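Below is one structure; the comments refer to it alone.
The values are calculated or read from the model by the stated rules, or taken from the named source; none is laboratory data. For clarity, every value in this text was computed on a predicted model and none was experimentally measured. Quick reminder, even Gly has a Cβ in these numbers, built from the backbone with ideal geometry, and neighbours come from all protein chains shown. Each accessible area value is taken on the protein alone, full model and side chains, heavy atoms only, with ligands, DNA and RNA left out. Shrake-Rupley method; radii C 1.70, N 1.55, O 1.52, S 1.80 Å.
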Amino acid sequence: MKIIQVQTQAEAGGAQRISDMVGEGLRARGHEVRTVFMYRKTEVYDRDPHADFILTKPPRSLPGQIRAAIGLAGYLRNARPDAVVTFQHYGNIFGTIGARLASVDLIIANQSGAPQTRGVRGILTQIDKLMGTFGAYHANVVNSSWTEAQFDSFPQAYRRRMSRIDHGVPAPSVTVDKAAARGAFGLPQEAWLAVSSGRMAPSKNQIALVGALVHLPDIHIAIAGTGPEQDAIVAFAEANDVTDRLHLVGEVPPSRIFEFLAAGDAYAFSSLTETFGLAAVEAAISGLPVVASKLDVLREVLTTDEGEAAALFVDADAKGMAEGLTELIARPELAARLAAAGRQLKEQYSPARMCAGYEALLLSRSLPHGCNPVDHLQSA
């Protein structure tokens, strides 16, 4: 099949990591897959041979957003794919409209956020509800049991198009030496170092990690990522005199994320809202003990099939993160137990299993009526 994946912005984020894995996995299964970004935000996909951009810069106004939407529709019409897989709020909306205008046979949307009731996100939720209820897209993917439950109040016509496919999370292919990793990112060799990764946005709450430094004068924290909250994080660190122990390494491409994680003694994740928590699961699989916000979805995805927790769950504020990191330092046996449980998540979140789920949805349109696509794949 010829498949186009639609993303909103080109940057090193969780949704983009998922489409990378889906694209790679489906290409390995013989499909032709490209990913189109409505706009280029950073350089991370500039050398990707399977990536295209509608706009080379983020749109700064409504006319720019309209150009991106019209350009996307034209791109899909010219590409004439067999299927379109959309990601993120705007990608779902404009990717679906463009795919419909291009008469694409199969449209699969992804829910990367829980339903909202206020502000712009509330409006986007209502648009998504209408599109899903009236069949604008044929399938609607959720990535965890918690996320699926957030749509329980939606109409049955919406929910019957939902499919659960847990995110795949890659495992490191090689062991990276800690000293070498710290050297590569300019991090202190002797310090006890907690690492974190993710877009610097209010919802990711990295400012709580900086606050933890105030409570813990003997540790350092390194954060991989960029975003609108970066200036506030730097200002907060300066105001609290912890800049010498805060290391902002910038955007780390997916190909180097495990090298960055190898530099840490622990992973800290203070996010306020998630539908899966890819970055935290990735860190756990790499073998780092994790301190994470006590969100219900993180408790779900950071627990093994045998019921072992792969993270220490704390309040998502400076005090809570500091207490969690303190406990890991004081109790090395706890850190070792969490790390061991995290490594067990490798099979639970296999990228191959995720790609099989997407291929099942893609093939379902060409199977006889009533045939279960997952059964079809298993029998094949």
- [ ] Would you mind stating whether residue 116 is closer than 26 Å to residue 351 by Cα, open to solvent by 10 Å² or more (accessible area, probe 1.4 Å) and within 22 Å of the chain's Cα centre (by Cα)?
- [x] no
TODO: Among what's in region 231-260 and is within 19 Å of the chain's Cα centre (by Cα) and over 15 Å from residue 44 (Cα atoms), pick the residue that is least open to solvent (accessible area, probe 1.4 Å).
DONE: 260
Task: Qualifying positions in region 10-52 - open to solvent by less than 50 Å² (accessible area, probe 1.4 Å), at pLDDT 95 or above, of a type in the set (Gly, Ala, Ser) and in a helix (DSSP H, G or I) - done: 19, 23, 25
Task: Exclusive hit being over 21 Å from the mean Cα position of the chain (by Cα) and small (Gly, Ala, Ser), set 68, 15, 51 - done: 68
Open item on the list: Pull out all pairs, ordered by first then second residue, where Cβ-Cβ is under 7 Å, the residues are six or more apart or on different chains, the first lies in region 303-323 and is over 17 Å from residue 344 (Cβ atoms), and the second is in a loop (DSSP other than H, G, I, E, B) and open to solvent by 30 Å² or more (accessible area, probe 1.4 Å).
Closed with: 313/294; 314/294; 315/294; 316/272
Open item on the list: What are the pairs with Cβ atoms under 9 angstrom where one residue, in region 165-191, is over 27 Å from residue 19 (Cβ atoms) and of a type in the set (S, T, N, Q) and the other, located anywhere, is assigned to a loop (DSSP other than H, G, I, E, B) and open to solvent by less than 30 Å² (accessible area, probe 1.4 Å)? Sequence gap at least six, or different chains.
Closed with: 175/262
TODO: State whether the residues of region 79-87 include one that is open to solvent by less than 20 Å² (accessible area, probe 1.4 Å), of a type in the set (Phe, Trp, Tyr) and touching a residue at least 24 places away in the same chain (Cβ under 8 Å).
DONE: yes
TODO: Tell me which residues, restricted to region 96-136, are farther than 25 Å from residue 363 by Cβ and not in a helix (DSSP H, G or I).
DONE: 113, 114, 115, 116, 117, 118
Open item on the list: Just to be sure before I move on: is residue 132 touching a helix residue (DSSP H, G or I) at 6+ places or on another chain (Cβ under 8 Å), small (Gly, Ala, Ser) and under 27 Å from residue 150 (Cα atoms) in the structure I sent?
Closed with: yes
Open item on the list: Name the residue that is nearest to residue 9 (Cα to Cα), counting only residues in region 53-88 that are among the charged types (D, E, K, R) and assigned to a loop (DSSP other than H, G, I, E, B).
Closed with: 57
TODO: Among the residues of region 307-324, write down those that are open to solvent by 60 Å² or more (accessible area, probe 1.4 Å) and either among the basic types (Lys, Arg) or under 13 Å from residue 205 (Cα atoms) (or both).
DONE: 315, 317, 319
- [ ] Tell me, please, whether a residue that is under 19 Å from the mean Cα position of the chain (by Cα), among the polar types (S, T, N, Q) and surrounded by fewer than 17 Cβ atoms within 10 Å (Cβ to Cβ) can be found in region 261-281.
- [x] yes
- [ ] Please verify whether region 131-149 includes one or more residues that are in contact (Cβ under 8 Å) with a residue 40 or more places away in the chain, closer than 23 Å to residue 302 by Cβ, open to solvent by 40 Å² or more (accessible area, probe 1.4 Å) and under 24 Å from the mean Cα position of the chain (by Cα).
- [x] yes
Open item on the list: Just to verify a result, which residue in region 184-198, among those that are of a type in the set (Gly, Ala, Ser) and open to solvent by less than 10 Å² (accessible area, probe 1.4 Å), is nearest to residue 277 (Cα to Cα)?
Closed with: 196
TODO: Could you give me the residue pairs with C-beta distances under 8 Å whose first residue belongs to region 11-33 and is over 14 Å from residue 279 (Cβ atoms), whose second residue is open to solvent by 20 Å² or more (accessible area, probe 1.4 Å) and small (Gly, Ala, Ser) wherever it lies, and which are 6+ apart or on separate chains?
DONE: 25/352
